[in-house]
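Here's the structure, in C-alpha cells; my notes come after.
The values are calculated or read from the model by the stated rules, or taken from the named source; none is laboratory data. Remember, predicted model here, so these are calculated numbers, not experimental data. Note that we place each Cβ from the backbone using ideal geometry, even for glycine, and neighbour counts take in every protein chain shown. Quick note on the areas: whole protein, heavy atoms, side chains included, nothing else; ligands and nucleic acids left out. Shrake-Rupley method; radii C 1.70, N 1.55, O 1.52, S 1.80 Å.
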Amino acid sequence: MNPLDPNEGAERPFEEVRDLCDRLLDGEFSEADRARLETLVLGNAEARRLYVELMHQQAAMRQNASRLGDVPLSEILRTLPEEPVAKVVRFPRWPLQIAAAFALGFAIWWFAPRPVEKPLATLVETNGARWENSSLPTVPGSPLRAGRLRLECGVARLVFQSGAEVSLEGPAELELQGPNACFLHSGALTAHVPPPARGFTVATAHAQLIDHGTDFGISTDATGQGQVQVLKGEVELRHERTGETRTLATRESAAITADRITQVHGVDGEPDRYAFLRPDSPPHPTTIMLTTAGGAGDAAYVVSPNSPIHTSDTLLLLKNSPSKNFRRRAYLRFDLAPLRDRRVEGASLTLNFEATGFGYASLTGECTFAVYGLTDHSQDSWSADTISWETAPAFSPDAGSVDTTRAVKLGTFTTPRGVVSGTYSIDGQPLADFLNADTTGRATLIVVRETSEPGSNSAVHGFAGNHHPALAPPTLRLTLSEK
C-alpha cells in the first residue's frame, strides 16, 4: 500500500480524515499525521470539503468568534457548492486547494499546544528574610521567571533550572535573566555550581563572572565596585569596559572597580570580603541611612482647596483626582549634614505604603508615581506646620506634576492594579547626582501620583510619614565615598 495515495485502500477516505481531525483537535497530532492529512485534503475534493466542514463545526462549538475573525472560513465556504458531501462536484482545483491548505495550516497552528514559559529558578527557602518591592514572588517554593528580587535583610536560597544554587544575602538586589544567568545589582551572594550548570554566569555593573565548576562568593555595591572570592574550583572574570579577563582558582580573590580587576592570591580561612583593599585602591564606600525624621528633616502632604475630609496624621496622602478637589502630593526634606562633604556614589529612596481606607482599591488601576527633586533651594525651608497646596515648593495646579523650572524628575515606580500597600523605591544616578549638586545641606523631594483615575471613588494612596507607629519613615540609603 502506498501511504501517500489518498484513494488507495478506500473509495472515499472519509473515516481516515475524521480520525486525523480528531487527533488534531485532541492534541495528539504527529508529524506523520500532518503529512497524511495534507495528502488527503489536497488530493481529494470530497476530503477537502469534509475537512473544511469539520474545522468549521469545531470553531463554532468553541464560540470564539472574536479570535476566529482573522480566519477567512466564510470566504472558503463561498467557493464550495451547496450539494451534500456525498455528491462529487467538478470545479477548478487550485482555488480550493489553496483554501484547504490555508485552513489546514491555520487549524494546526490554532489547536497546537502553546509553549509555556518555563520558570528560570525556584525560591527554595528563606531565613529571616524581609523583602522590598520585588517583581517576583517571595514565598518559598515559588517558581521564578525573569524579574528582580529585592531582599532587605536575611538570606534567600534559589535553585536555577540549570542546577546552580545561589544564596542571596540581604540587603541585595538580584535580577534573574536566564535558567543559568543572573545580574547582581547590589549585595552579596554565594553559589554552588554542580557540573550540569557549568557556565553559570553572574554579571555586575563592571564585570561578568563565568563559572567553570566551583563554589564562589561575589559582592557589589550600587556603584558596581565589588569583589569575588573562589571558595573551591575555578571561575573566569571579565571586565565589561576594558575586556580584561582573569581566571581565578581556589582561594584566589579579585577586586572589581570601574577601571580594572585587581587579583589577590592566597586567600585562606575566614573570607574577608574587603581583603582586596590596598593603598592604591579607592577606599571602600560607606553606606548610611537618612530619614525625614532625622535632624532638619521633615515630611508633609498638601491637599487642594475645598477638600475638608479624609486626612491622616500618620500617612502622607497622594491622589490625582479628575476634579479640582481631593488632590494630594507629598513633600520630603532630608538633612544632608551626615554626608560631611563625601560624594554620593549610589542612592535609593524607599517609601512604605499602607491602605488609607479612603476610596476603593478595587476601583483603582495600575498607578505610576514620580519623585522630583527641588532645584530651587530658596524653597527648601518649608515647614510641615504651614505648608499648603498653593504655597508648596514647585507648585503646579496639576496634581500629577510639579513646576519643572524649579524641580527635576528623579525616577518613577508603579503599583499594580488594586494594590495600595507595600514597599516601593527609586534608585539610580539621577538621584545621586541631585544630592551631590546640593549646596544647602538640605534636599527636598516631591512625590506625586502621575496616574489620574477616571472617577473620584478610587483609592487614596498613602505612605508612612514621621509619626507612623510601625512603619519606617521615608528613607534614603546612600553609598558614599571621599571626594
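These residues, TYR301, TYR424, TYR360, TYR331, go from largest to smallest accessible area, 1.4 Å probe, as TYR360, TYR301, TYR424, TYR331. Sorting LYS319, LYS409, LYS324 by accessible area puts them as LYS324, LYS409, LYS319; the probe is 1.4 Å, largest comes first, and only protein heavy atoms count.
Shape class of segment 152-256 from the alpha-carbon gyration tensor: rounded, with the ratio a/c of largest to smallest axis under 1.5.
Prolate is the label for segment 409-455, because the ratio a/c of its alpha-carbon gyration tensor axes (a ≥ b ≥ c) is 1.5 or higher and a/b is greater than b/c.
Annotation: amide H of LYS232 within the under-5 Å range of ASP215, ARG251, sequence separation 5 or more or interchain, hydrogens built in the peptide plane. Largest accessible area first, the listed residues HIS461, HIS467, HIS212 line up as HIS467, HIS212, HIS461 when surface is computed with a 1.4 Å probe on the assembled protein chains. Around the amide H of THR287, modelled in the peptide plane, lie the amide H atoms of LEU480, all under 5 Å away and 5 or more residues distant in sequence or on another chain. Taking 0.36 nm per residue of sequence separation and removing the Cα-Cα distance, the LYS232/GLU53 pair yields an extension gain of 57.9 nm.
A crude spin-label estimate for the pair CYS153 and LEU363, with each label 7 Å from Cα along the Cβ direction, gives 4.0 nm. Using alpha carbon centroids, what distance separates segment 143-206 and segment 127-141, in Å? Centre-to-centre (Cα) distance: 13 Å. Taking 19 Å as the cut-off, the amide N atoms of segment 190-204 that come nearer than this to a point 7 Å along the Cα-to-beta-carbon line of ALA146 belong to 200-204. Under the rule a/c < 1.5 gives rounded, and otherwise a/b versus b/c splits prolate from oblate, where does segment 308-392 land using the Cα gyration tensor? It comes out prolate by the Cα gyration axes.
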